[in-house]
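Right, one structure below, let's go through it.
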Amino acid sequence: MSELRGDTYPHAPGFVAGDRPQIVTSRFRYEDSHTLQRYLDTGGYQGLRAALAKTPTEVHDDVKRATVLGRGGAGFPAGVKWGLTPQGKFPRYLVVNGDESEPGTYKDRLLMERDPHQLIEGCLIACYAAGLSQCFLYIRGEMALAQERVATALNDAYAAGYVGKNILGSDLSVDIVLHWGAGAYVVGEETALIESLEGNRGMPRLKPPFFPAAIGLYGMPTIVNNVETLANLPWLATNGVDAYLAIGTPTSPGTRMVCVSGHVRRPGVYEMINGTTTFRDLIYGDEFCGGIRDGRELKAFVPGGGSAPWFTPEQLDIPFEGKLAGAAGSMLGSGAVMVMDETTDIPAAALTLTNFYAHESCGKCTPCREGGTWLQRLLTRVVNGQGTQADLDQIFEVGTSICPGDFPHASSEKLGLEAVPFPYKMTTICFVGPSAYAPLNSALVLFPEEFQARLKKRISIPVTGVNG
Amino acid sequence: MARFSDSNLAIAREIIARYPKPRSATIPLLHLAQEQDGYVTDDAMAQIGELVGASSAEVLGTATFYEMFKFKPVGNYLINICGTLSCALMGAGELMHHAEQKLGIPVGGTTDDGMFTLEHAECQAACSEAPCLQVNYRYRYKVTPEMLDGLIDDLRDGKLTAEIPPHGTVARVRQRIPADRGVGAVPPQDATDMPVWLRNQPEASA
């Protein structure tokens, strides 16, 4: 078996550096990467200085031209998002989405724990460019260390004049308020995040009309950006648009953090080149995961977080690029790959995700609230060997109530299936409903025999005639 | 003691002042109450309502949405074992079974001595380090049954009190905005005035 390449650090469990460009993880190698001193020693707050030397419009144009894609899940370009705020309506707010809870993902937690100043600097650049008057940094409730690191970093940054009034002697005056959640997956959806930040139950709002850029926090224009997205901005501002565009592809420039977990030799979080790295590189490459554990065969993998339809070995050569993954029947989502080897019990694996989404439904939309738990009950029955064909049929019917029409799935030469491309139609406000169905649909479509084998055997009771 | 102590009341007011609307402080104040008492009491919710301008029922409505808030006492150490896909693939089911045996309680239960509460958690964001667990929101990675035994013994023997605070305390560092540096909350009002740094640029076009 070939040797794994790349550096790991005891102080950053899970992170693997390699011989690749590092935009957001460049300081992870230092044990004290979270301190202001280390940050300043390694070029920290230079991006902010460079940005302040330009006009806000110029900085905004740079971000647009660099096509910095949102790293939260939807992949929407940040510069375009900033431009969607209505003209002449102020104040505008920035809400940082650090409520990372997508199954398989933990890049934002590492960015907050290991390099909080980079995130703070990114927030300030966004506020400057898009004219955002106050920033709320929402960190997932369960991430105690991330909260401590960001709080410390903010306290230090305030004391040193990087946050608050007249930052670095400029006109820019912005408070960054640390806010923290209390455990709810759906709050990662941007309108639910805003509801939660207003002190309410974290239920998504109907879009339209509640597009945050127009009607967001307290009804004002609000930009909601993911942690990793903002963490890209200091490097971009320091090194320039051309340097950023030189990495990756024109439609997916820069790098991207991806978390690979499950049955691989070296699971971990990797910063990889956007758009060109394929799933084969990622799962089998020596500088990444180095193949499947114990020399086993790959059975299936989740390409983009728990909400994404699954891929099989037939899709290994697809690059990590949003449009291509979408055409193949899935999505890149939050950058989380979960790998299942040949020993995996597919129905049981699907059940863990169905349980997750049934548990995390906020209850606002009926198809998700009822459908999620319905799917959970049906699948539990099948996994326990008590299911029948009627249960499998019912699963498809419930799924169709959440997402009418053909649900996206990968192609399969083996089964003679064409891919159904992304996106799906949906009867719910947010993506939690469809996400409850996505893993189960993939499992059923791509591995029907495993479900059939689980069905309860029909018991035939012999009825014998009296004379027989 | 269920209402905020004087020092916590001062912290609560400081938190509220950062937000354009007091109600936004609801979740942080619920955490503060849980930090003080170990769980969220009815009195605390009534007081939070008074502080943020909501009824106690509205505060309860918000609080019950979020899993971290407990409304009756739980163990001093809340052990959350993750069971979502990545951890399940790496043996989380066996780990949970072992924890139940070791502690002598089922999932959701609390030991008689009030030391431990065991819960099943959904994805805790440490997926490559599976199976993972959190004790009062402090991580343990790649946990084997033997490691779990050692962890529980250490917690019982008080060896980890420096690293792991009692249930209720999440972050031990608070944000503090110095009065002379803070801008203050920016209230939502239908203003047409753009922020000064936009207004002052050569061609104000944003």
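The values are calculated or read from the model by the stated rules, or taken from the named source; none is laboratory data. Given the structure is predicted, the values throughout are model-derived calculations rather than measurements. Methodologically, a virtual Cβ is constructed for each residue, glycine included, from the backbone with ideal geometry; neighbour enumeration extends over all protein chains shown. What goes into the accessible areas is simple: the full protein's heavy atoms, side chains included, and nothing from ligands, DNA or RNA. Shrake-Rupley method; radii C 1.70, N 1.55, O 1.52, S 1.80 Å.
Every pair of different Cα atoms in segment A:345-455 enters the Kirkwood calculation, which places the hydrodynamic radius at 13.8 Å. For segment A:253-264, 3J(HN,Hα) computed residue by residue from phi via the Karplus equation (6.51, -1.76, 1.60; θ = phi - 60°) reads x, x, 10, 8, 8, 9, 10, 10, 9, x, 7, 10 Hz, glycine and proline entered as x. The mean count of C-beta atoms from other chains within 10 Å of the C-beta of residues in A:220-231, rounded to a whole number, is 1. Net charge around A:His409, counting only other residues with Cβ within less than 15 Å of its Cβ (Lys, Arg = +1; Asp, Glu = -1)? It works out to a net charge of -2. When Lys and Arg each count +1 and Asp and Glu each count -1, what net charge do the other residues less than 12 Å away from A:Cys127, Cβ to Cβ, add up to? That works out to -2. What number, in percent, do you get for the relative contact order of chain B if the mean sequence gap of Cα pairs under 8 Å and at least 6 apart is divided by its residue count? Relative contact order of chain B: 20 percent. Relative to the globular-protein estimate of 2.2 N^0.38 Å, the Cα radius of gyration of the protein assembly as shown stands at 0.95. When the Cα positions of A:Val445, A:Ser411, A:Ala390 are compared along the charge dipole of segment A:345-455, A:Ala390 comes out farthest toward the positive end, with charges on each C-beta of Lys, Arg, Asp and Glu. Amide H contacts of A:His179 (H built 1.01 Å from N, in plane; Pro and chain starts excluded): A:Leu137, A:Tyr138, A:Ile139 sit under 5 Å, all sequence-distant by 5 or more or on other chains. Taking Cβ atoms as reference points and 13 Å as the exclusive limit, the residues near A:Leu154 contribute a net charge of +1, counting Lys and Arg as +1 and Asp and Glu as -1.
Gyration tensor over the Cα atoms of chain B: the corresponding equivalent ellipsoid has semi-axes (square roots of 5 times the eigenvalues, largest first) of 39, 23, 16 Å. Once the Cα atoms of helix A:366-383 and of chain A are each reduced to a long axis, what angle between those two axes, in degrees from 0 to 90 to the nearest 10, is obtained? Rounded to the nearest ten degrees, it is 50. Using alpha carbons only, how many degrees (0 to 90, rounded to 10) separate the axis of helix A:389-402 from the longest principal axis of chain A? Value to nearest ten degrees: 30. Look at the dipole of segment A:23-245 built from charges on Cβ: of A:Ala182, A:Ala157, A:Thr85, the Cα furthest out on the positive end belongs to A:Thr85. The relative contact order of chain A, computed from alpha carbon pairs under 8 Å that lie at least 6 residues apart in sequence, is 16 percent. Chains B and A together bury roughly 6400 Å² of accessible area, counting both sides, with a 1.4 Å probe on protein heavy atoms only.
Lys-Lys pairs in segment A:23-245 that are eight or more residues apart or on separate chains and whose Cα atoms lie under 28 Å of each other come to 16. For segment A:23-245, the convex hull spanned by the alpha carbon atoms encloses 114 Å³ per residue. Placing +1 on the Cβ of every Lys and Arg and -1 on the Cβ of every Asp and Glu, with nothing else charged, gives chain A a dipole about its Cα centre of roughly 780 debye. What is the angle, in °, between the Cα long axis of helix A:346-360 and the longest principal axis of the Cα atoms in chain A? Nearest 10 is fine, range 0 to 90. So the inclination is approximately 50 degrees. A 1.4 Å probe run over the protein assembly as shown, with the rest of the protein chains in place, finds 36 Å² accessible per residue. Between B:Ala191 and A:Phe90, the built amide H atoms are under 5 Å apart, and every one of these is 5 or more places off in sequence or on another chain.
Across segment A:61-70, computed HN-Hα scalar couplings (Karplus, 6.51 cos²θ - 1.76 cosθ + 1.60, θ = phi - 60°) run 4, 4, 5, 5, 5, 6, 6, 6, 7, x Hz from first to last residue, x flagging Gly and Pro.
Carbon-plus-sulfur accessible fraction, the protein assembly as shown (probe radius 1.4 Å, protein heavy atoms only): 52%.
Three principal axis extents of segment B:125-182 based on alpha-carbon atoms, in descending order, are 52, 30, 14 Å. For segment A:240-329, averaging the sequence separation of C-alpha pairs within contact (under 8 Å, six or more residues apart) and dividing by the residue count gives a relative contact order of 23 percent. Positive-end ranking of A:Ser307, B:Ala57, A:Tyr9 along the dipole of the protein assembly as shown, with charges on Cβ about the Cα centre, is headed by B:Ala57. Over the C-alpha atoms of segment A:283-416, the Rg to Rh ratio, Rh being the Kirkwood estimate, stands at 0.98.
Derived scalar couplings between HN and Hα for segment B:42-49 equal 4, 4, 5, 5, 5, 5, 4, x Hz in order, rounded to whole Hz, by the Karplus curve 6.51 cos²θ - 1.76 cosθ + 1.60 (θ = phi - 60°), x for Gly and Pro. If you restrict to DSSP beta bridges whose two residues both lie in chain B, what percentage is antiparallel, to the nearest 5? About 55 percent, rounded to the nearest 5. Between the alpha-carbon centres of segment A:285-313 and segment A:111-174 there is a gap of 36 Å. Under 5 Å between amide hydrogens, built in the peptide plane, is the criterion, and for A:Gly248 it picks out A:Gly254, A:Asn274 among residues at least 5 positions away or on other chains.
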